[in-house]
Amino acid sequence: MSEGFNRSTAQTVSAIGWGGKTLKEMLEESERVFKETGRYWGLDRLELREKDPIRYERIFALLRGGLVNARETALNISASPIVKEIGELSFVLYTPEGDSIALSTGIIVHVHTMSDAIKYMIRNDYEHNPGIRSGDIFSNNNSIIGDVHTADIHTLVPIFWEGELIGWAGGVTHEIDAGAVTPGSVAIGHADRFGDGILLSCEKAGENDEFYQSYIKKVSDAVRAEMYWVLDERTRLAGCHMVRDQVYRVIREEGIETYKQFIREVIEEGRRSLRERIKEVTFPGVYESPRFIDVPWKQDHSVAHKARKDVLMHAPLTVRIGMSGELDMSFEGANRWGYHSFNCSPSAMQGALWVQLTQTLIPNDKVNDGAYLATSIQLPLGSWCNPDYHKVSTTMSWYFLVPAFSGLIRSLARAYYSRGYIEEISASFPLTGNCMQGGGINHMGFESAFTNFEFSSEGTGALYIKDGEDCTAAMWNPEGDMGEAETWEILEPLLYLGRSIKPMTPGPGKYRGGAGIESVRMLYRTPEQILFYSMQDGHVFGSAGIFGGYPGNAGYRHSLHGTNMKEIIQNQRPYPTRDGDPEHSEVEALVIAEENVFDKHATAGPQIFREYDIYVSVHRGGPGLGDVLERDPHLVEKDLNEGYLLPRYAESIYGVVAEQSSDGTWKADLEKTAARREQMRKERLARAIPAEAFLERERDRILHRDFIEPVLEMYQSSMDLSPEWREKFLKFWELPEDFRMVNG
């Protein structure tokens, strides 16, 4: 047998864990000790922190500084606008067992997803086959193993010191194209995993600090935008090596034993800190906040046959906050996974939890797996958030994740309010839409693909003390940046005819949500067809307001095919820069088209576009907070004058009577407004019915199954999957034990 493959030698490889243990032994011991003691590695005291707090904090600062430095440096290697412009990049340092120690800025959703991937390798004996050695490189994008979706690519590098594995460096970026059945990073319209694109299941991608040529060839051939993918491979690897070098510097300065002690203490500190923070700012109790989203595909013949079904996602989130700072979440009652791209793995759900914790309860740099150990999340097996079929499609799991976790922010808002921390309260966030992507023969004449990430800048939810921020962030990236229009035009065969604030996107309330934007795009300099998608809530609001506030906008689909834009440009006539008020569309007023697609079918499969066709991309505003009739009339006046609010809604929503002067400026009449609001309050009271009567009316609807088919199927699926939720539902509505929403 040749030296290159010696099976007997592979079976006798020395253990690479601490003290002669295997990584699996270390992981099993860590989990056993935590289960027995409730503390990371059973630590009762943080001795290093107590004895020398300055040294302890210095070590943390050096490690985290190295992670942030790696990210900022690596950004300049990537050519992808998703990475370079939007900052979809993050680096994390892990223990040998795969527990996160510290992380950089960036897409912090991946703190625990890469942890899951490392632990998968340990549990599946990667230490022996294919082996884990200094200089090795592993790649992963399998969400069932540990990730959110196929477009997020992990690079994992083991860190050794004197023959022992002392940790891992991990880096992640979001790719422009994932080699799926249709172009773009998050394909939709197919029915299962086999359309998601290239799958890297913790694959050994290189050794001696270099990628295998076979690996680079494999990924290049598998995707459409290969240049961006390969450069991002270099981006992640360079950053991981910078992180590794920083760890070596810290060990040389502090000693290996101090380093080992520190990484365990800092994780236990993270666990304790989150518990203390929860006790400080929240009020113990049970908080419930369900959410829904629509997939209207029954009549959509652009999607796969098995996917042609109207579906509603059910996310009945329950948050339990305990007296000792426990934070336990449950999605019991979630309905079944489906033949669409929006299913989520448990790892993706953990990722979503992380990105929310870091924007709420952990607003500092001390973020690590200690917080994971301080929380729990229950995900019913067989549901969309924990499928029992591992070949489901998860390529666009965010479409369900984002609305599902808006309930956590509303629950925390109520908990903050009960404790008196009103400055922490937010009405949550909107669905991240629209996700615009496609591919085909581009404006440079070759096959390519694109994913436009300006949807990372939605409006934020209203706060308890002020309006939300306009077009500034996404649930999954608080550092959102929509990117320069000119940069997207380099990548995409589309011109920006305009990009502007979208009126009526902010959710109304005493304080309104932040506004979303709209972009009007025109396909240009490509005679070939290109595929687009619409991906946004249309029939159901993806997020709700709080304390009487209204949701932000839902979406709509608007595109023009076979236009006269070429003639308009040649004759230098006015062209549309925005859709504006959709009931008086500027696009339709200025452009003649053979086909005008304008409907609420906002999540649609692939559509064909040709040169000079127009695509309107509508983004979201944040939900509102508080009673609309308590909004300061001067703020309504300001919104009218700045284009956030259409005039016909000033009175119908806010009860503000405003008049427009000859120069076009709106002015609120305070006396008439006060009178109109008093009248509206009386009208609301006259329409109101007792809660008992409302419940009886709704119970009657349930008994007569007075709902559309997707609603009936959604609730029946929830009852079938979760006996616990079924019992709760039947008890609340006083229904018979044999009740079913759908017979059979």
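Points worth noting:
- Residue ID - farthest from Gly325 (Cα to Cα), chosen from residues in segment 274-312 that are modelled with pLDDT of 95 or more and hydroxyl-bearing (Ser, Thr, Tyr): Ser289
- Residues located in segment 652-664, provided they are open to solvent by 60 Å² or more (accessible area, probe 1.4 Å) and either of a type in the set (Asp, Glu) or farther than 19 Å from Pro508 by Cβ (or both): Glu659, Gln660, Ser662, Asp663
- Residues in segment 234-286 that are in contact with a Lys or Arg (Cβ under 6 Å, 6 or more places away or on another chain) and aromatic (Phe, Trp, Tyr): Phe283 alone.
- Scope segment 120-142; condition small (Gly, Ala, Ser) and either open to solvent by 20 Å² or more (accessible area, probe 1.4 Å) or at pLDDT below 95 (or both); matching residues: Ser134
- Odd one out for Gly438 among (1) modelled with pLDDT under 95; (2) surrounded by fewer than 24 Cβ atoms within 10 Å (Cβ to Cβ): (2)
- Filter result for the condition that a residue is closer than 30 Å to Asn386 by Cβ, surrounded by fewer than 17 Cβ atoms within 10 Å (Cβ to Cβ) and without any contact (Cβ under 8 Å) to a residue 40 or more places away in the chain, over Phe707, Phe694: Phe707
- Within segment 568-579, considering residues that are under 17 Å from Asn596 (Cβ atoms) and not hydrophobic (A, V, I, L, M, F, W, C), the one most open to solvent (accessible area, probe 1.4 Å): Tyr575
- Of the strands (runs of 3 or more DSSP E) lying entirely inside segment 132-213, those containing at least 3 residues that are within 17 Å of Ser80 (Cβ to Cβ) span 152-161, 164-174.
- Residue within segment 208-228 that is within 30 Å of Gly338 (Cβ to Cβ), of a type in the set (D, E, K, R) and under 28 Å from the mean Cα position of the chain (by Cα) present: yes
- Elements of type helices (runs of 4 or more DSSP H) in segment 671-738, at least 1 residues being in contact with a Lys or Arg (Cβ under 9 Å, 6 or more places away or on another chain) and closer than 19 Å to Gly333 by Cβ: 709-721, 723-733
- The set of residues in segment 469-490 that are farther than 20 Å from Gln536 by Cα and open to solvent by 10 Å² or more (accessible area, probe 1.4 Å) comprises Glu469, Glu479, Glu484, Ala485, Glu486, Thr487, Glu489, Ile490.
- Residue within segment 331-340 that is crowded, with 22+ Cβ neighbours inside 10 Å, more than 25 Å from Phe194 (Cβ to Cβ), modelled with pLDDT of 95 or more and among the hydrophobic types (A, V, I, L, M, F, W, C) present: yes
- Any chance Pro290 is touching a strand residue (DSSP E or B) at 6+ places or on another chain (Cβ under 6 Å) and farther than 30 Å from His340 by Cα: no
- Inclusion of Val636 among residues that are closer than 30 Å to Leu495 by Cα and of a type in the set (Val, Ile, Thr) is not warranted.
- Criterion (crowded, with 23+ Cβ neighbours inside 10 Å, assigned by the TED database to the domain that holds Pro130, within 25 Å of Ser448 (Cα to Cα) and in contact (Cβ under 8 Å) with a residue 12 or more places away in the chain) met by exactly one of Ala222, Ala180: Ala180
- Residue satisfying all of: in segment 66-83; free of Cβ contacts under 8 Å to residues at least 60 places away in the same chain and part of a helix (DSSP H, G or I); farthest from Gly184 (Cα to Cα) among these: Val68
- Positions within segment 77-130 being at positive phi and under 18 Å from the mean Cα position of the chain (by Cα), in sequence order: Gly87, Gly106
- Residue match in segment 530-552 (condition: out of contact with any Gly (no Cβ under 8 Å at 6 or more places or on another chain), within 30 Å of Glu447 (Cβ to Cβ), touching a residue at least 60 places away in the same chain (Cβ under 8 Å) and buried (at least 22 other Cβ atoms within 10 Å of the Cβ)): no
- Some residue of segment 85-108 being of a type outside the set (S, T, N, Q), under 24 Å from Ala225 (Cβ atoms) and part of a helix (DSSP H, G or I): no
- Residue in segment 350-361 that is closer than 21 Å to Asp328 by Cβ, open to solvent by 10 Å² or more (accessible area, probe 1.4 Å) and among the hydroxyl-bearing types (Ser, Thr, Tyr) present: yes
- Just so you know, in segment 62-88 the residues that are of a type in the set (A, V, I, L, M, F, W, C) and buried (at least 21 other Cβ atoms within 10 Å of the Cβ) include one that is nearest to Pro478 (Cα to Cα), and it is Ile86.
Rundown of residues vs (1) in the same structural domain as Trp666 (by the TED database); (2) of a type in the set (S, T, N, Q); (3) open to solvent by 10 Å² or more (accessible area, probe 1.4 Å); (4) within 20 Å of Gly552 (Cβ to Cβ), yes/no style:
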site: Ala604; (1), (2), (3), (4): no, no, no, no
site: Val616; (1), (2), (3), (4): no, no, no, yes
site: Arg620; (1), (2), (3), (4): no, no, no, yes
site: Pro633; (1), (2), (3), (4): yes, no, yes, no
site: Val636; (1), (2), (3), (4): yes, no, no, yes
site: Asn641; (1), (2), (3), (4): yes, yes, yes, no
site: Ala650; (1), (2), (3), (4): yes, no, no, yes
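- With respect to (1) surrounded by fewer than 20 Cβ atoms within 10 Å (Cβ to Cβ); (2) in a helix (DSSP H, G or I); (3) basic (Lys, Arg), the lone exception for Arg277 is condition (1).
- Restricting Ile166, Ile188, Ile145 to those that are open to solvent by 10 Å² or more (accessible area, probe 1.4 Å) and of a type in the set (A, V, I, L, M) reduces the list to Ile145.
- Hey, Arg410 more than 26 Å from Glu88 (Cβ to Cβ), buried (at least 24 other Cβ atoms within 10 Å of the Cβ) and outside the structural domain of Ile614 (by the TED database) or not: yes
- Here Lys51 passes the criteria (1) touching a Phe, Trp or Tyr at 6+ places or on another chain (Cβ under 8 Å); (2) of a type outside the set (A, V, I, L, M, F, W, C); (3) closer than 26 Å to Tyr248 by Cβ; (4) surrounded by fewer than 21 Cβ atoms within 10 Å (Cβ to Cβ) except the one numbered (1).
The values are calculated or read from the model by the stated rules, or taken from the named source; none is laboratory data. Everything numeric here is computed off the predicted structure, so don't read it as measured data. Positions of Cβ are generated from backbone atoms using ideal geometry, with glycine treated the same way; all protein chains shown enter the neighbour counts. For the accessible areas, the whole protein counts, side chains as well, though only heavy atoms, and no ligand, DNA or RNA atoms are used. Shrake-Rupley method; radii C 1.70, N 1.55, O 1.52, S 1.80 Å.
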